[in-house]
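Okay, structure first, notes after.
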Amino acid sequence: MTDYDDEDLGQEAAADSLTPREVVVELDRYIVGQHEAKRAVAIALRNRWRRQQLPEDLREEVAPKNIIMIGPTGVGKTEIARRLARLTDSPFIKVEASKYTEVGYVGRDVESMIRDLVELSVNMVKDQEQEAVQNRAQMMAEERLLDILMPRLPEGAQEGEEEMPVSDLAPAASRTREKLRQLLRDGKLDERYVDVDVTPRSQPMVEIFSNAGLEEMEFNLRDVLGSLMPQRTKKRKVQIPEALELLAQEEAQRLIDIDKAIDLAIERVEQNGIVFLDELDKVAGREAGAGPDVSREGVQRDLLPIVEGSSVSTKYGMVRTDHILFIAAGAFHATKPSDLIPELQGRFPIRVELKALTREDFVRILTEPQNALIKQYRELLRTEGLEVVFTTEAVHEVARIAYDVNDRSENIGARRLYTVMERLLEEISFNAPEMTGQKIKITATYVREKLADVVKDHDLSRYIL
């Protein structure tokens, strides 16, 4: 069985112990600007580490400092939270507040966000633990595959008699098995097909369509029916490499201790979980009467106990939300944070405003981050053997056009760069397979020529860009 104690927790501790300055530096590698928001999340992350250093009685009393990010779409709100979670290897989920409904209405219960977070955390831990035992699982899978290729039957034994270990096989059979093992490792058997018995991953599916609050019936019924039905296997005819992979996955699942994995996953959610609650402004505001928004304030009241700290029932047991970090975001064009119910406002003590992106920010987004947009397109086209080079003037021209279109029509922030770049490189992307070996230079003149008609025609640009 796998030992979870120190190595995984040690890696988490190392990530969580990053100083706020180091966190901001890491976020700067992927996100341009928004220094105030980066500082806020860096401090919130460091406060988690500080809480872990406190005496146990005081540790439970320190609540996370939840954050509201206020700013237009496409300025980096979601990306900051997502990169923060990746940086610390924390369970992270992004949900939209607008998809939840008040208890009593048909729709998703707000507690389902915690269930989804736990499910995600369990899968993360399982994957990590399976990776840790991969070498051992590979060896066991190899033995099972050799048993399929050459069943372990001693001399004189009849089919159906009890099998014997390798050490009891006749020397000739043992040597043959080792030769077969070497052929397998050298890849000389890769073209052969074998029949393997695999356990289907799908479970009995029972969906419950009812009012929110009864969602837990779904996984309870799944578990009950799953335990009543015998474990069935399915025979598949596959090539040797795929057979080895399938058997290794099964062996890895058997090697890990599921109960310990679940306990660790729940602990990670309770201590390091991050919930990004998007579109909070869509449920802000008091009721103005009957209509489609009738449950907005009700959703806020349902969110309140989750954010304050409560116990949520999941298929893996009760999960406490007291120390989960909630990062909310919204444009707050038609509403403002003070339109939220006072109790919910009090659970989000940190407010940061993200600024709209400037033309200079667009230039930096195109070139500076590790996942810079121009780098992405350049590498994509390189797979076709096509070399694309952007001049500095071309980059500035793309940024100018994207900024101007945002200014004239709906401001969608950095997402406008994607639409502009797709339009700009549409012809090259289409013809790339026939242009292998060529080198194309994108200049400011080329950018203006390709986008001139769309940019000049205001109505057309609203549809295409």
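The values are calculated or read from the model by the stated rules, or taken from the named source; none is laboratory data. The structure displayed is predicted, hence computed values, not measured ones. Positions of Cβ are backbone-derived with ideal geometry, glycine not excepted, and every protein chain shown enters the neighbour counts. Heavy atoms of the whole protein, side chains included, go into the accessibility calculation; ligands, DNA and RNA do not. Shrake-Rupley method; radii C 1.70, N 1.55, O 1.52, S 1.80 Å.
So which lysines pass the test for Lys235, namely a Cα distance under 26 Å, with those fewer than 8 places away in the same chain ruled out? By straight Cα distance, Lys235 reaches Lys126, Lys188. Ligands, DNA and RNA are left out, and with a 1.4 angstrom probe the accessible area of the range 335-422 is 50 Å² per residue. Think of each Lys and Arg Cβ as +1 and each Asp and Glu Cβ as -1; about the Cα centre, that makes the dipole of the range 332-416 roughly 200 debye.
Here the range 324-397 has 51 percent of its accessible surface on carbon and sulfur atoms, given a 1.4 Å probe and all protein chains in place.
Other residues lying with their Cβ under 10 Å from the Cβ of Thr321 contribute a combined charge of -3, Lys and Arg counting +1, Asp and Glu -1.
Sorted from longest to shortest, the spans of the Cα atoms of the range 356-465 along the three principal axes equal 39, 29, 20 Å.
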